[in-house]
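Notes follow once the structure below has been shown.
The values are calculated or read from the model by the stated rules, or taken from the named source; none is laboratory data. All figures in this text were calculated on a predicted structure; none of them were measured in a lab. Neighbour counts are summed over all protein chains in view; Cβ atoms, including those assigned to glycine, are modelled from backbone coordinates with ideal geometry.
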2 protein chains.
Amino acid sequence: MEIQVMKAIMEDNISRAENLRKLFKEKKVLVLNLISSPGSGKTSLLEKTIRNLKNEYSIGVIEGDITTSRDAERLQQFDIPQVVINTDGACHLNSMSIEKALNEFDLDLIDLLFIENVGNLVCPSEFDIGESAKIAMVSTTEGDDKPAKYPLLFQEAETVLLNKTDLIPYVNFKKDLFYRDLKAINTDIKIIETSCTTEEGLEEWYGWVRKKINDLEVR
Amino acid sequence: MEIQVMKAIMEDNISRAENLRKLFKEKKVLVLNLISSPGSGKTSLLEKTIRNLKNEYSIGVIEGDITTSRDAERLQQFDIPQVVINTDGACHLNSMSIEKALNEFDLDLIDLLFIENVGNLVCPSEFDIGESAKIAMVSTTEGDDKPAKYPLLFQEAETVLLNKTDLIPYVNFKKDLFYRDLKAINTDIKIIETSCTTEEGLEEWYGWVRKKINDLEVR
């Protein structure tokens, strides 16, 4: 019985996600679902990315947070539409919460929608929310074993940002092991090494985002 | 209906946890449930702690991991009883999995049992597994906002280890904000600043563990 209910929740989530994906395609909105452990640097990446791309594209943000609006407050400096989803203890966003949040946006006016998921390397990977792509973020301080230990996210993600590369000299992080495990899980995955402190790799990241938006426009 | 099923799961977990807690008290085993984000340093702490306390106490470990036994492999260097619980995708340990793991231990021979939960700052806090105390770990590289953003763990934990203090010079971590938020959530919480690299604070941590074991013996 428990399994049946779980299935119903999952099926409902999937069908809503498929509708969202259709809507985003129709409206030509690139939707990026950012997933990482707590404190890997998702909000710092958004700060940098919005500052750099806001004159090229119209950007919106959905912030998933268990209880506060702290991440959203960090982005208030930018004049862009933003909605916080407080999950009240839940460990991930789902399609239904995204549907509700979309009431606050005019998708005709948005090119790029970032969804910052709840800080959690496990559960958000299990819930499709209609995104164009999942972006996994891992910081070097978390250790090189994260892809092997939490494989689902890295199977699902189109791109991985290996963040906080500026801290590699101070931690025991073996890049070759990280790459080896990651490629074993997902041969096609794109890896971009970034530091939101030194800005290493951010131009490559912006280039990746631009290309994805162009691909949508051409279709 | 969904909520009823969830309640049944929760109630079953709680009653099993209460039985486990009784058993641990009777057998005078200190059971510490280690909870943190992925890569905060739980296994590194165990490596240091086991090396330092194994001649004083008889120690066992339960390793919660989604799919691998990598953490357990790091502890194989010590000749201590160890069980890995692979959660197969689940984001936390529960009482039933601990019950099963206990079949592999002789509790009459154990003073101190560490349970390293799945790397996740959210879900493990919601599931009592009969532990004597929850130990929260946060690394400085995750940012000073973690207690405010993930309050449940810090309400539940008896002690917080603020780990990777050696990296404070390289990251933007405001200790006063961290302490302020933490004390607002849980005035009684004990905070120990640690670095498994420089060994700062580890003697204080070992002292805390020793005191907890003594308290059990005296009762």
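Cβ-Cβ distances below 6 Å connect no pair with a first residue in region A:122-149 that is free of Cβ contacts under 8 Å to residues at least 12 places away in the same chain and under 22 Å from residue A:25 (Cβ atoms), a second residue that is in a helix (DSSP H, G or I) and not aliphatic (A, V, I, L, M), and a separation of six or more residues or different chains. Residues in region B:202-215: is at least one outside any helix (DSSP H, G or I) and hydroxyl-bearing (Ser, Thr, Tyr)? Within region B:202-215 (the criterion being outside any helix (DSSP H, G or I) and hydroxyl-bearing (Ser, Thr, Tyr)), the answer is no, since none of the residues qualifies.
Could you please let me know if residue B:35 is among the hydrophobic types (A, V, I, L, M, F, W, C), modelled with pLDDT of 95 or more, assigned to a strand (DSSP E or B) and touching a Pro at 6+ places or on another chain (Cβ under 7 Å)? Yes: the conditions hold for residue B:35. Could you tell me whether any residue of region B:19-32 is within 14 Å of chain A (Cβ to nearest Cβ), surrounded by 18 or more Cβ atoms within 10 Å (Cβ to Cβ) and touching a helix residue (DSSP H, G or I) at 6+ places or on another chain (Cβ under 7 Å)? For region B:19-32, residues within 14 Å of chain A (Cβ to nearest Cβ), surrounded by 18 or more Cβ atoms within 10 Å (Cβ to Cβ) and touching a helix residue (DSSP H, G or I) at 6+ places or on another chain (Cβ under 7 Å): absent.
Once region B:71-89 is narrowed to residues that are under 17 Å from the mean Cα position of the chain (by Cα) and polar (S, T, N, Q), the residue that is farthest from the other protein chains (Cβ to nearest Cβ) is B:82. Candidates are the residues of region B:192-204 that are touching a Leu at 6+ places or on another chain (Cβ under 7 Å) and not polar (S, T, N, Q); the one that is surrounded by the fewest Cβ atoms within 10 Å (Cβ to Cβ) is B:193. Considering region A:129-184, and only residues there that are of a type in the set (A, V, I, L, M) and closer than 21 Å to residue B:92 by Cβ, the residue that is nearest to the chain's Cα centre (by Cα) turns out to be A:136. Among the residues of region B:98-116, none qualifies, meaning not one is touching a residue at least 60 places away in the same chain (Cβ under 8 Å), within 9 Å of another protein chain (Cβ to nearest Cβ) and surrounded by 23 or more Cβ atoms within 10 Å (Cβ to Cβ). Taking first residues from region A:177-198 that are touching a residue at least 40 places away in the same chain (Cβ under 8 Å) and partners that are assigned to a helix (DSSP H, G or I) and among the β-branched types (Val, Ile, Thr), the Cβ contacts under 8 Å between residues at least 6 apart in sequence or on separate chains come to A:194/A:165. Comparison of A:67, A:141 shows that the only residue that is within 22 Å of residue B:153 (Cβ to Cβ) and at pLDDT below 95 is A:67.
The residues on offer are B:68, B:141, B:43, and the sole one that is among the hydroxyl-bearing types (Ser, Thr, Tyr), assigned to a loop (DSSP other than H, G, I, E, B), within 14 Å of chain A (Cβ to nearest Cβ) and under 25 Å from residue A:144 (Cβ atoms) is B:68. Comparison of B:42, B:48, B:27 shows that the only residue that is farther than 22 Å from residue B:207 by Cβ and among the charged types (D, E, K, R) is B:27. Scanning region B:126-136 for residues that are closer than 30 Å to residue B:58 by Cβ and either away from chain A (no Cβ under 14 Å) or surrounded by fewer than 24 Cβ atoms within 10 Å (Cβ to Cβ) (or both) yields B:127, B:128, B:129, B:130, B:131, B:132, B:133, B:134, B:135.
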